[in-house]
Every structure is written in C-alpha cells, then in structure tokens.
Amino acid sequence: MSLPSDLHYLEMHELSLLIRSRKISPVEVTKAQLARIEVLDGALYSYARVTADLALEQARQAEQELANGICRSPLHGIPLAFKDLLDTAGVVTAAGMPLHDRRVPHQDATVVARLREAGAVMLGKLQMTEGAFAIHHPSIQAPLNPWGANHWAGASSSGCGVATAAGLCYGSLGSDTGGSIRFPCAANGLTGLKPTWGRVSRYGAFEMAASLDHIGPVTRSARDALFLLSTIAGHDPLDPTSLPSVCLEIPGIDDSFRGLRVGIDESWLSDGVDAEIQQALQQVMQLIREAGGQLLRVRMPDARAVSSNWEMHCGVQTAVAHADTYPARASEYGPALSRLIDGGRALSGMDYQRILLAAQRFTGEVDSVMNGLDVVLAPVQPYAAPTHEQLANLALDPEANRRLIQFTAPFNVSGHPCLSLPIGLTAGGLPIGGQFIARKGGEAALCRAGMAVQRVSDWHRLRPQGL
C-alpha cells in the first residue's frame, strides 16, 4: 500500500496497529524517517548522530520476525531516538560534551536494552545541553524550535523535543533533572512524563545529579507516553535505587475523568503566571468539570526555597559526577557547566545539609497534600517558550531563573511524577504546556488524566507549520 501522507506524525499506538496488521512494514517506516531526517534536520539540529545502518538492520530484523508471527511488543518495528546521555553499545554517547565525543559504551543503558528487546528501532542519538545542564556547549549548535526558531526549544532534552515535534522520530527518551522533559514538551507541543524517582532505571545514563535525575518518555500523546513507560519501567538489579515495582499494563488504564480527583491551587495557577497560561489552564479545568472529574481546592506547599536552592542542590551532585574530569580538564568545559560545578564544589557541608532539610520538608508537605487526590493541575512554566534573548537575560537574574523552574524543579527534589501536555497556543502561535502532578507511584493516574484531556481536545494533534 502507499504510505500515508502524515506517516511521520502518526502516534506510536496508531503506527503499531498498522505494523502488526502488516499494512505497513518497519523497513518502509524506517526508510521514510531516515529520508525525512536527511531533508529537515540540517536546519533543526536535533540529532547528535544518526545511526542509519543500525536502524535499517533492526527494521529488517523486526520485519522478518513479524512475518514469522513473532511480535515482541506493541513497539516492535517502531523507530525511536534517544537523548545522547543514554549509553548505546557501539555508538558514541557524549552527553552534549565535546570532551566525550569519542566515548563508545560497550553496553546499553537499561532503558535502551529494554526497548531493543521490545523490538524498537534506534534512529540515532539526540542533541542535548552540555552535561544536561542549562546551556549547550559553545561548540555545539543548539536544536531549533520548529514552532519558531527564535524561541527556546526547551532545556537539556531539546533534541528530543525538536525531533519528536518535527516528525523525525515517533518518540524519544529524555531526562529531567530540573524540568528537562517538561520544558521541551511545553515548548514543542508534546506530551512527556517525568516518572517517580526510581520508577525507571538510571543505569547507563550519564549522571548529572543522582537524586534529581529521572529518565522518561517524550511523545505526541499521553497514550504514547504510557506505551514507552510500560516498557522501560520496573526494577533493575543493575540500579539498586530502582523501585521494586512492576510495569504498568496499558489495557488497565481508563481514559476518562469520571471520579478522578484533581487538586487546584488557585495561587499556583495565577500568581506571576501570564494571562495566556492562566486562560489555557482554565480551559483544562472546564474540560475536567464537563467530563465528570472532581475539582478540589488545595494549598500546595511553598516551593520558593527548593526552587531557589535547586542550582546548589544540583551543583554539589554534579561536582561529584564530574570529579574524574573536573577540574583536571576544566578548559574543555563550557562556562555554564563550569559555573555550576564550581558553585557545588564551594558549598559548605552545613549549607548543603540545610538544602537537604528544606527538600525533606517540601517532600513531606507534598505527600500530605496528595492524600485524597489523584492528580494536581499546574503550569509547566509561568510563560510560553521565551526568545533566545529573553532566555539569556534570565541567567543574569536569579529570581527570574527561579520563577522559570518553580513548577518543575521542586518535583525533581521531591521525586513525585509529573506529566506535561499541550493545552493550547499563544496568540503568536506558540505551544502552551500544562502538567499534572501525582503521588509517588501515580503514573497510571497521570496517564489517565492526560488521555482524558486528549480524548476531548486536539491540542496534542497541532503541528508546526511547514513541516
């Protein structure tokens, strides 16, 4: 059959049905993706490296297995891409650092291994900020937002956001230490899930800050996020911090708001939040009411301390993660990552303990608020994707920087899961992101809430013009 004209924008669960019914082959899909990458990514810069030969080899294997009646999983034959901090055997994993541009792992990260075992096809490694901090290394071209090249493409998982939004992969795996799955999803009109800390193994992921790092999916829908999460989640003996939990079962997730208890903190939805973001969140609340959900007024804990502390909290752990190469090879680091590590190295033990105590208090307070709730609705950030000029100015203003991460970084500190999803467009045509937050282990509730929104709206189906 002829390939659909919108093949590159199909959701994974849609493509899976076509592949498993033999209406389209993994080789056809993979060739189409590689051709699209070749045409478009020279102007978007989302890939750090494309693994075309490997992708075609894996696609041919998937096609042969499916022809023989072997279906490994719903992801069998679906082309994906991975953030360049996830180890891939035989393929360079550099974590956005020229320092590591010849680092070739001998073993896959656990999440990569699980997706390979599920029969997924690897298109390549996606570009990212240096060491997963805020800024790309000066020698690396940052990915460009397909919705507007003058606007931020999100933080460290920017390559994941750009490639998935532009139809250059069907989904991707990113990481989130202070918002780096949720920011690119908000900026690029995507759905992304930061799991509960420990829900997904971090084995084989380049470390930034061990207690804050989360690996999770960047996708076009909540159902697709669940597709990926159900494959990568679960205990890993190679990661002793991974939770002793079982994978989620896709058929067991309802996609309605009936009976779902959604917490609303009016101050979180309005204080310092742009009017367009407020209006979009009000629309989501209206959808929840109309679909049978229960809106409950809550008071979220004050997140100013943990968001103000985040950089130092992260910096100490990043200094530990980079001890083998910093300061010994400091000249090969960019200025932003150097500043973060220097700050972490200079912090006293007593000051770090104060940061940890504030984090523990915040975590306990969030746990208390979540009692009696399924999810809480919140912004991802107080405004839509800023311009590059506006973003540069943020670095000069600590309070403005804190405001940017006030709805994301606190939940890296506390370890609670969050689902970012598109909830509209600005007057200028840029995506707006909102998020649901759940109790620890509450990914099923998050995916249900996201699927319920996307069942009665089409924000997640909006695409950047001209692509």
Practice item. Search the stretch 52-69 for residues that are β-branched (V, I, T) and modelled with pLDDT of 95 or more and pair each with any residue that is part of a helix (DSSP H, G or I) and surrounded by fewer than 16 Cβ atoms within 10 Å (Cβ to Cβ) when their beta-carbon atoms are under 6 Å apart and the residues are at least 6 apart or on different chains. Key: none
Check your understanding: When you go through (1) surrounded by fewer than 21 Cβ atoms within 10 Å (Cβ to Cβ); (2) under 30 Å from D87 (Cα atoms) one by one for R223, which number turns out not to apply?
Key -> (1)
Review point. Counting only residues that are in contact with a strand residue (DSSP E or B) (Cβ under 8 Å, 6 or more places away or on another chain) and either assigned to a loop (DSSP other than H, G, I, E, B) or closer than 30 Å to H137 by Cα (or both), which one in the stretch 340-384 is modelled with the lowest pLDDT?
Key: A384
Check your understanding: Regarding G96, is this residue over 26 Å from L337 (Cβ atoms), in contact with a His (Cβ under 7 Å, 6 or more places away or on another chain), in a loop (DSSP other than H, G, I, E, B) and in contact (Cβ under 8 Å) with a residue 12 or more places away in the chain?
Key -> no
Study note, to complete from the structure: Residues in the stretch 249-287 that are under 22 Å from R448 (Cα atoms) and without any contact (Cβ under 8 Å) to a residue 40 or more places away in the chain total 6
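Select the helices (runs of 4 or more DSSP H) contained entirely in the stretch 195-302, then report the ones holding at least 3 residues which are over 23 Å from the mean Cα position of the chain (by Cα) and of a type in the set (S, T, N, Q).
Details: elements: 222-232, 266-270, 275-290.
Ranges flagged: 275-290.
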Point to revise | Residues located in the stretch 325-339, provided they are surrounded by 15 or more Cβ atoms within 10 Å (Cβ to Cβ), in contact (Cβ under 8 Å) with a residue 24 or more places away in the chain and assigned to a helix (DSSP H, G or I) | key: E332, A336, L337
Review point. Only one of (1) modelled with pLDDT of 95 or more; (2) surrounded by 24 or more Cβ atoms within 10 Å (Cβ to Cβ); (3) of a type outside the set (K, R); (4) in a loop (DSSP other than H, G, I, E, B) fails for D108. Which number is that?
Key: (2)
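Which ones in the stretch 371-397 are farther than 24 Å from Q283 by Cβ and of a type in the set (A, V, I, L, M, F, W, C)?
Looking only at the stretch 371-397, we keep the residues that are farther than 24 Å from Q283 by Cβ, and these are 371-372, 387-397.
Matches in the stretch 371-397: L391, A392, L394, A395, L396.
If you check H137 against the conditions, is it over 19 Å from S230 (Cα atoms), touching an Asp or Glu at 6+ places or on another chain (Cβ under 7 Å) and touching a residue at least 40 places away in the same chain (Cβ under 8 Å)? Before you say what the answer is, go through the steps one by one.
Working: over 19 Å from S230 (Cα atoms): yes; touching an Asp or Glu at 6+ places or on another chain (Cβ under 7 Å): yes; touching a residue at least 40 places away in the same chain (Cβ under 8 Å): yes.
Yes, satisfied.
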Review point. Exactly one of (1) under 30 Å from G428 (Cβ atoms); (2) hydroxyl-bearing (S, T, Y); (3) assigned to a loop (DSSP other than H, G, I, E, B) is unmet by S175. Its number?
Key: (3)
Study note, to complete from the structure: Scanning the stretch 148-169 for residues that are in contact with a strand residue (DSSP E or B) (Cβ under 6 Å, 6 or more places away or on another chain), part of a loop (DSSP other than H, G, I, E, B) and at pLDDT 95 or above gives S157, C169
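Examine the stretch 180-192 for a residue that is in a loop (DSSP other than H, G, I, E, B) and over 30 Å from Q282 (Cβ atoms), and state whether such a residue exists.
At the first step, the residues of the stretch 180-192 found to be in a loop (DSSP other than H, G, I, E, B) are 180-181, 189-190.
Pick out the ones that are also over 30 Å from Q282 (Cβ atoms) and you get none.
No, the conditions are met nowhere in the stretch 180-192.
The values are calculated or read from the model by the stated rules, or taken from the named source; none is laboratory data. Predicted, not measured: the structure shown is a model, and the values here were computed from it. Please note: Cβ atoms are built from the backbone with ideal geometry, for glycine as well, and neighbour counts cover all protein chains shown.
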